[in-house]
Amino acid sequence: MKSVIKYTLDKCHKCMKCIQACPSHALSMKENRIVINTTECINCGKCIKACVNQGLTAIASSLDHLKDYDYTVCLVPSSLVAHADVKHSVASLFAALKKLGFDEAISLSYVESGLYQKERKNKDSLMISSFCPLVNNLVKKKFPALADSLLPYDYPSEIMAKELRKKYKDINLGIFNLCECEAKLELAKYPHNNMEYEVDHAISIVDIFPKISSNLMETNEDVDFDINGLLLTCPRAIKRNDDILLENSYDTVTNVLDMAEFGLLDDFKLLRLYPCFSGCLGGSLVWGNGYVAKRNLMRLRDFNHEIEIQIPEEELLNKRMVDNDKAGEKSFKEKLEHFNLVNNIFEKLPGYDCTACGLGGCRIMAEEIAKGNRKLEDCKILVKENKQ
Amino acid sequence: MLTKKYLVKEKDYVNAGKVSSLIKKELKTIGVDESVIRKIAIASYEAEINMIIHANGGEIIFSIDDEGVITLVFADTGPGIPNIELAMTPGWSTASDDARQMGFGAGMGLVNIKRYSDTFDLKTSQEGTTITLGFKVI
Ligand code: SF4
Ligand code: SF4
Ligand code: SF4
């Protein structure tokens, strides 16, 4: 996991709103600037929303890189297709994308639909769908006991990219994925140097949407997509079995994972979790709003057909190395000693979790003091109380 | 050695599972292996719910010693379990109707608790029931 978030202000208002919003305590304030702990960040984007001064932003790649390749393909997520509610508007959307400079624009709905059919066939024990990088990050960081329950399938963008690499194997091919959220910006070689991915560039939809919309015009070109794949981006639109549990907000998702960890959801076969409102339609880098997009999807439902996926099972799997590095981990005794040390410091702190110290709360302060990075006197409340 | 004591109130369904959540959080902060956390979470949740449903609440004591043994004691002042053999039969439940409506009390309680813990001890009398669970971390 790598953070895609960047702090951009020279002068901060020091409202600490981002620090309070961060569920991973990945942010702190040092010398009047926000510092991001890039290994703790799960790319949820909450800090971006929390800052009223646009001080935090997600870094995406740009279309300038189109010129680096001989042939370029644009991967189109279903949430973007949902800007249209009739098929010929979908066709003009794809034509508009090509006018940006792509040689080809292809819908991810085929892959999504194939994954959907596979997921529904799961009849073993409780599994968690693995298409949302934020859910994957959450599970790995905060609910590690559930990591084995993640389905083994790769991201739709990666599966599609692998297919394209096979198809155009002798060409200098550039694959660009249009992303709906901060978490997806991590799933490409650039701009975050994650070379283990097949997709080359992660593009933010909001960054290019104005250009797309100025390119929109009538077209004679045809377009194809799989309706099941499209609907999959929106939980409330999916046909669903009783044994599939759907949720679509960050808090409900963490609540569901918490219950699953207690073994309370074992009657379900699949947890389809979308941290965003209305699923990926409500992703923070999507242009427009999820309500309209959802209605559009419902209208598109009548226009298209289902396509049986042709990709072999083997190629649907996520084979990137998991960073499950337990070597160099402390012994239990050392861990417990550290915990007790932190606890003792924690008990000396006021416990207000006010973040005035520039850290995510008293517990984090205690951790930092234990590590020698801060002192008790750095707690603003303690200092004030001692003066009185 | 680390010891923490938590109170569980009678029929406090709204807060059901809160102590187990706190314990789970502590275990994650310490960095206990996830497979052990899972076992403790499931056993602890069941036992906590049992205290709320069947007994009049009580206290939960959570401790870890330096050797890596985690002990959970669930001590209630309820009516005791009249027939332990029956209570240890899979599928058996005496959950009250209001508990059932909340979705608790599948009746797997004690069997599950025993299955997920490394050591299991149960003492019961008319003055109350004490369940002591042990888990080995390393
Ligand atoms: S993206 Fe989420 S996890 Fe990362 S720093 Fe922002 S709030 Fe924290
Ligand atoms: S649900 Fe939200 S965070 Fe997850 S993949 Fe979709 S847009 Fe991204
Ligand atoms: S009470 Fe002190 S240590 Fe706790 S968050 Fe506030 S300033 Fe930081």
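The values are calculated or read from the model by the stated rules, or taken from the named source; none is laboratory data. All figures in this text were calculated on a predicted structure; none of them were measured in a lab. Virtual Cβ from ideal backbone geometry, glycine too; neighbours counted across all protein chains shown. Note: accessible area is taken over every heavy atom of the protein model, side chains too, but ligands, DNA and RNA are not part of it. Shrake-Rupley method; radii C 1.70, N 1.55, O 1.52, S 1.80 Å.
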ask   = Any idea what the relative contact order of chain A is, in percent, if you count C-alpha pairs under 8 Å spaced at least 6 apart?
value = 20
task = Report the FRET efficiency, 1/(1 + (r/R0)^6), for residue A:121 and residue A:195, where r is their Cβ-Cβ distance and R0 is 35 Å, rounded to 0.05.
result = 0.60
query = Among the lysines, which have Cα under 26 Å from the Cα of residue A:169 when same-chain residues fewer than 8 positions away are ignored?
reply = A:67, A:98, A:99, A:184, A:189, A:319
ask   = Between residue B:35 and residue A:334, what is the label-to-label distance in nm when each label sits 7 Å out along the Cα-to-Cβ direction?
value = 2.2
task = At a Cα cut-off below 18 Å, give the lysines reachable from residue A:384, other chains included and same-chain residues fewer than 8 away excluded.
result = A:348, A:375
task = Return, ordered by residue number, the residues of segment A:349-388 whose backbone nitrogen is under 12 Å from a label point located 7 Å along Cα→Cβ of residue A:30.
result = A:373-374
inquiry  = Restricting everything to alpha-carbon atoms, can you work out Rg to Rh for segment A:203-263 with a Kirkwood hydrodynamic radius?
reply    = 1.16
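Provide the net charge surrounding residue A:71, with neighbours chosen by a C-beta distance below 10 Å and charges set as Lys +1, Arg +1, Asp -1, Glu -1. All intermediate terms of the calculation are to be shown ahead of the outcome.
Values: positive: none; negative: A:70, A:103, A:104.
After counting each charged neighbour, the total is -3.
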In Å, descending, principal axis extents of the Cα set of segment A:47-91 = 39, 34, 12
Compactness of segment A:232-311, expressed as Rg and Dmax over alpha-carbon positions, Å = 14.6, 43
query = So for the pair residue A:373, residue A:9, with labels modelled 7 Å out along Cα→Cβ, what separation do we get in nm?
reply = 2.0
Scaled radius of gyration (Cα, divided by 2.2 N^0.38 Å) that segment A:62-151 gives = 1.45
query = What is the mean number of Cβ atoms from other protein chains located within 10 Å of the Cβ atom of each residue in peptide A:137-145, rounded to a whole number?
reply = 3
message = Suppose all protein chains stay in the model; what accessible area per residue would a 1.4 Å probe give for segment A:1-83, in Å²?
response = 48
note = Pseudo-spin-label distance residue A:239 to residue A:215, built 7 Å along Cα→Cβ, given in nm, is 3.5
key: HN-Hα J in Hz across segment A:83-89 - Karplus 6.51, -1.76, 1.60, θ = phi - 60°, x for Gly and Pro   = 6, 10, 10, 10, 5, 5, 6
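With charges only on Cβ, +1 for K and R and -1 for D and E, what is the dipole size of segment A:1-59 about its Cα centre, in debye, rounded to 20? Spell out each step's value before the answer.
On the way: 9 positive and 3 negative charges, 21 e Å.
Magnitude of the dipole: close to 100 debye.
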message = With +1 on the Cβ of every Lys and Arg and -1 on the Cβ of every Asp and Glu, and nothing else charged, how large is the dipole of the protein assembly as shown about its Cα centre, in debye rounded to the nearest 20?
response = 1340
Extreme residue, positive dipole direction of the protein assembly as shown, given options A:155, B:57, A:381 (C-beta unit charges) = A:381
query = residue B:123 to residue B:65: FRET efficiency via 1/(1 + (r/R0)^6), r the Cβ-Cβ distance, R0 22 Å, to the nearest 0.05?
reply = 0.55
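Given Cα positions, please report Rg to Rh for segment B:2-136, the hydrodynamic radius being the Kirkwood one.
Checking Rg against Rh, the ratio lands at 0.94.
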note = Partner lysines whose C-alpha sits under 24 Å from that of residue A:11, ignoring same-chain residues fewer than 8 away, are A:30, A:46, A:49, A:380
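Any chance you could list the semi-axes, whole Å, largest first, of the equivalent ellipsoid that the Cα gyration tensor gives for the protein assembly as shown, using √(5λ)?
Numbers: eigenvalues 421, 184, 79 Å².
They are 46, 30, 20 Å, listed from largest to smallest.
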key: Ranked by how many other beta carbons lie within 10 Å on average, peptides A:64-71, A:262-269 from highest   = A:262-269, A:64-71
